Amino acid sequence: MLQSAIPFTRKDFGDDFLWGVSISAFQNEGACDHDGKGPSVWDTFSRRKGKIKDKSHAQVACDFYNRYTQDILLAKMLGFTVFRFSLSWSRIIPAGTGAVNQAGIDFYHRVIDACLELGLEPYVTLYHWDLPQALENKGGWCHRGVVFAFEEFVRICTRAYGNKVKNWIILNEPFGFTALGYMLGVHAPGKFGLSYFLPAVHHTVMAQAEGGRVVREEVAGANIGTAL
């Protein structure tokens, strides 16, 4: 009776289906200003009065920055084979462009190495909504310069981790962060109207293309995608 009540089993998905878990930098890492990290638009937005209903923030979050080994081990113990996480742009390049923060580079090396040691395939998301505030100060996704800054960021990341990581997601839910953040104003950076939305969409599409091009150039045999 119990067996017949189970709607599906793992084998119903086939041998080539990958089972994994997914996190993002801002939502999980915490350590919002540790070891040289710069602020992101979500760090700024969550501090603005009236923007977050219960005044919650991600300054500590799940403390993945300090507890990543335990979290990755839990994923392994649960039987998953894939661990997807995003890179914090402002942890690696605090100003969005220019000087690289070696402590940020080293952190993600530790995360990737922990995954590989446990037999989990790392899937890296290059951008999950947390634009460096320094770039937003220049116009963010509404400014064409963000495309060149993103290209620089992707090249730095692929050169750092490309010998270990073969699966890359360029942008997470691009319609989400452009519509909610640059048209409706309910997500970071809180801009409202088509005059923001349309250039943000245009530059996001360009960034997706440029990011994919860089990954293909820098990582042999890379698998590339976008989380819609």
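The values are calculated or read from the model by the stated rules, or taken from the named source; none is laboratory data. It should be emphasised that the depicted structure is a prediction, and the values quoted were computed from it without experimental measurement. Accessible surface is based on the protein model in full, side chains and every heavy atom, while ligands, DNA and RNA are left aside. Shrake-Rupley method; radii C 1.70, N 1.55, O 1.52, S 1.80 Å.
Of note:
- Percent of Cα-Cα distances greater than 24 Å, calculated over the chain: 45 percent
- Ordered from highest to lowest accessible area with the whole protein assembly present and a 1.4 Å probe, HIS203, HIS57 read as HIS57, HIS203.
- Dividing the convex hull volume of the alpha-carbon atoms in the range 146-195 by its residue count gives 84 Å³ per residue.
- The alpha carbons of the range 30-126 occupy a box of 43, 35, 19 Å along the principal axes, longest dimension given first.
- Between the range 113-156 and the range 54-70, the alpha-carbon center distance in angstrom: 19 Å
- Carbon + sulfur, % of accessible area of the chain - ligands and nucleic acids excluded, 1.4 Å: 59 percent
- Candidates PHE83, PHE192, PHE153: whichever shows maximal mean-square fluctuation once the chain is modelled as a Gaussian network with Cα springs under 10 Å: PHE192
- Reach of LYS55 by Cα under 20 Å, taken over aspartates and glutamates that are not fewer than 8 positions away in the same chain: GLU29, ASP33, ASP43, ASP63, ASP130
- Heavy-atom accessible area ranking, 1.4 Å probe, most first, across ARG213, ARG84: ARG213, ARG84
- The calculated Kirkwood hydrodynamic radius for the range 121-176 is 12.3 Å, given to one decimal from all distinct C-alpha pairs.
- Along each principal axis, Cα extent of the range 83-200, largest first, Å: 47, 27, 17
- Between the range 173-228 and the range 1-47, the C-alpha centres lie 20 angstrom from each other.
- Rounded accessible area of HIS109 (nearest 10 Å², 1.4 Å probe): 40 Å²
- Binning the alpha carbon pair distances of the range 96-145 at 10 angstrom intervals from zero yields the distribution 20, 39, 27, 12, 1, expressed in whole percent.
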